[in-house]
Amino acid sequence: MVAGDVRATGVIAAQLPERWQDMVVRTDAGSRHGGADQTLMDDLTVQTIAEVADQRITAALDRFGMQEDVGAGLDAVVSALQRNQVDTMLIVDDPSSTEQLWVGPASTEIATDPRQLETMSVADPQRVRADAALVRALVGVGADLTVLGPDEAPDLTDGVGAVLRYVDASTPGRGNG
């Protein structure tokens, strides 16, 4: 958000890195004068953030919906994280969740069953909250996260899904389990 004189905001926006220039919202709202009412600027900022968030959620859900029966549910997401396939993980914000997963020392050492980790040579699998394990693995593979409200994705299996970077013949859900 860049506010102020139209010429000045243009100069500032032009100086930003190219990857940010499409995200800049320029406005003449706001003032630096003492006693100026910042309400308009505050309202515009909140509205802009909400619009961008809605656009990101819609885009992630659309990309997820275009996949053919892959990346849906806890088992599929864990498998995709193990294989570094996750581009964007979708997760429903549910603080009451009691789901748990097993993890090893490396970020991609994540499983629904400790025996899976033992076959990966993890000596001492640890049981942790599923959301914490998923986010840890997500950071380790450099993927994005989209947090959804319960009403934004009511049909999301297990409250989690993934938009995949790639799909190959061994990707679960491709008719091979």
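The values are calculated or read from the model by the stated rules, or taken from the named source; none is laboratory data. Because the structure is a prediction, the values reported are computed rather than measured. Cβ placement follows ideal geometry from the backbone for every residue including glycine, while neighbour counts extend to all protein chains displayed.
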Quick check on residue 34: is it at pLDDT below 85, small (Gly, Ala, Ser) and touching a helix residue (DSSP H, G or I) at 6+ places or on another chain (Cβ under 6 Å)? no
Restricting attention to the stretch 97-136, and to residues there that are touching a residue at least 40 places away in the same chain (Cβ under 8 Å) and assigned to a loop (DSSP other than H, G, I, E, B), which single residue is farthest from residue 78 (Cα to Cα)? 97
Which condition does residue 75 not pass, out of (1) farther than 27 Å from residue 163 by Cβ; (2) out of contact with any Gly (no Cβ under 7 Å at 6 or more places or on another chain), if it passes all the others? (1)
If you take the residues of the stretch 140-157 that are under 11 Å from residue 88 (Cα atoms) and not hydroxyl-bearing (Ser, Thr, Tyr), which of them is surrounded by the most Cβ atoms within 10 Å (Cβ to Cβ)? 143
Residue check, residue 47 without any contact (Cβ under 8 Å) to a residue 40 or more places away in the chain and in contact with a helix residue (DSSP H, G or I) (Cβ under 9 Å, 6 or more places away or on another chain): no
What number of residues within the stretch 1-31 are out of contact with any helix residue (DSSP H, G or I) (no Cβ under 8 Å at 6 or more places or on another chain), in a helix (DSSP H, G or I) and not hydroxyl-bearing (Ser, Thr, Tyr)? 10
